[in-house]
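Student: The structure under discussion is supplied below as structure tokens; questions concerning it will follow.
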Amino acid sequence: MPDPTQPFILIVDDNPTNLSVLSKSLKAAGYKVHMAVDGEDALAQVQRHHPDLILLDIEMPKMDGFQTCIRLQANPETKGIPVLFMTAIADTESKVKGLSLGAVDYITKPFEEAEVLARVKVHWRLKQLTDSLEQQVNERTQALQAAQVQLVQQEKLSALGQLVAGIAHEINNPIGSIVGNVSFTQNYINDLFGIIDLYHEKFPQPGAEIEEELEARDLDYVREDLPKLVRTMKDAGNRIKSISKSIRSFSRADSDTKRPFNLHEGIDSTILILRHRLKANENRSAIEVVTDYGNIPEIICFPGQLNQVFMNILANAIDALDESDRARHTAIQVYPNQITIKTQLVDKQVKIFIADNGKGMSEEVKAKIFDHLFTTKAVGKGTGLGLAIARQIIVEKHGGIIKVNSKLGEGTEFIITLPI
């Protein structure tokens with residue numbers, strides 16, 4: 001089989017002797033060679049084989065070299081193939097015309113084998129460099145586009161975080177007042193019932209009108225139910241207060257310097273914010289979150305950024321369980337939806353394990369999971385940035401490591417390692 005890395009040269013000349021001499025020299029130098037006898041034959045071969053370089057005679061029947069070059073340059077697929085004209089015409093006007101049509105060089109007949117090989121080698125190397133440069137430009141362009149999209153996304157998240165934190169702060173004061181006043185209300189209710197009891201004790205026969213009112217209002221039921229209502233209001237207020245605290249903790253803006261942070265507090269805040277998504281819905285049963293926290297110290301970090309990582313991974317785990325449930329109705333009874341979070345201290349590093357028992361992922365998906373703009377979700381459901389940003393935060397911002405273990409049908413586990 002021919003070596004695919006061999007440069008492929010197409011020689012176009014109506015002179016069999018020229019074709020034979022050039023072909024023999026180029027093959028001896030390690031090039032793969034095809035030959036064409038006129039312009040039409042050359043264009044047909046280019047479509048079939050797409051050479052790396054073309055040696056093109058100018059004076060040929062049917063279609064000369066100039067016309068052939070014009071056709072090659074007009075086709076986007078062949079425009080980038082370097083063309084070296086071969087001619088016995090030595091006037092400057094013809095050379096300028098050829099170069100203006102897109103040729104890169106001239107080889108003068110009769111040929112000097114060393115010159116031909118030298119020019120071919122130079123232009124082959126130039127083509128390699130050009131192709132490499134174009135590839136680098138495309139890669140850099142894609143990287144810049146991805147970075148721009150990521151920057152826009154981060155700006156949106158930052159603005160949203162500030163908005164949410166502001167709302168949470170505004171909520172916190174009235175909620176604090178409500179929770180505090182509920183406690184006073186409970187005391188006032190106890191005082192009122194105490195007065196009523198004292199009144200009954202002093203005036204056991206209050207009269208028919210009052211007896212009718214007491215019976216109509218069902219005082220015994222009110223006495224039993226009102227404290228329950230107050231406790232419910234107090235619990236609800238404390239719940240809102242806890243959510244507000246979690247939102248403010250999660251949305252905390254990071255300064256330019258790292259600071260000590262309790263990872264468990266960040267994880268718990270994230271779970272609380274996502275709690276509404278853990279509840280059962282029409283498509284799946286509830287998701288249980290199991291935490292197994294080790295004895296770990298606070299770490300020096302950017303807390304808001306790590307909270308963003310936890311949010312991305314946990315939200316993806318919930319999405320995976322949403323998808324998984326549609327295909328495993330019977331298995332849910334034996335293996336209910338679950339996300340497990342474990343932390344431990346290993347060799348002066350903190351390890352965080354976040355695992356789900358969802359559908360898992362293939363090796364192909366796993367290899368691309370941290371790539372920019374890669375997503376397996378439907379259009380509009382995901383940006384393809386969440387895990388790419390998570391990797392950047394862990395690796396570049398905190399000098400840590402983030403890895404993923406997953407198999408189809410066996411769930412997914414993310415392992416984050418952070419220095420203390």
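Every number here is computed from the coordinates shown, using simple stated rules; none is lab data. Computed from a predicted model, the values in this text were never measured in an experiment. Here the Cβ is made from the backbone with ideal geometry for all residues, glycine too, and neighbour counts use every protein chain on show.
Student: Once the Cβ-Cβ distance between Glu209 and Asn295 is put in as r, and R0 is 60 Å, what FRET efficiency do you end up with, to the nearest 0.05?
Tutor: Rounded to the nearest 0.05, the efficiency is 0.35.
Student: Another one. Treat each spin label as a single point 7 Å out from the Cα along the C-beta direction, and report the Leu408 to Phe353 distance in nm.
Tutor: According to this spin-label approximation, the distance is 2.6 nm.
Student: Between Arg277 and Lys228, what FRET efficiency comes out of the Förster formula 1/(1 + (r/R0)^6) with R0 = 30 Å and r the beta carbon distance, rounded to 0.05?
Tutor: Result of the calculation: an efficiency of 0.50.
Student: How much length is gained if the chain between Tyr188 and Leu126 is pulled fully straight, taking 0.36 nm per residue apart and subtracting their Cα-Cα distance, in nm to one decimal?
Tutor: 13.2 nm
Student: A further question on this structure: 5 Å is the cut-off here: which amide hydrogens, built 1.01 Å from N in the peptide plane, fall below it relative to Met60, excluding neighbours closer than 5 in sequence?
Tutor: Those lying under 5 Å, H to H, from Met60 are Gly65.
Student: Past 22 Å, Cα to Cα, is the threshold; run Lys27/Lys121; Lys241/Lys279; Lys27/Lys79; Lys342/Lys403 against it and keep the listed order.
Tutor: Violating the 22 Å limit, Cα to Cα: Lys27/Lys79.
Student: Suppose each label sits 7 Å from its Cα in the direction of the beta carbon; what would the Leu99-Gln47 distance come out to in nanometres?
Tutor: Spacing of the two 7 Å Cα→Cβ label points: 3.3 nm.
Student: Okay, next question. So what are the ³J(HN,Hα) numbers for region 43-57, from phi and the Karplus equation (6.51, -1.76, 1.60; θ = phi - 60°), rounded to whole Hz, Gly and Pro as x?
Tutor: 4, 5, 5, 4, 5, 7, 10, 6, x, 7, 8, 10, 9, 10, 6
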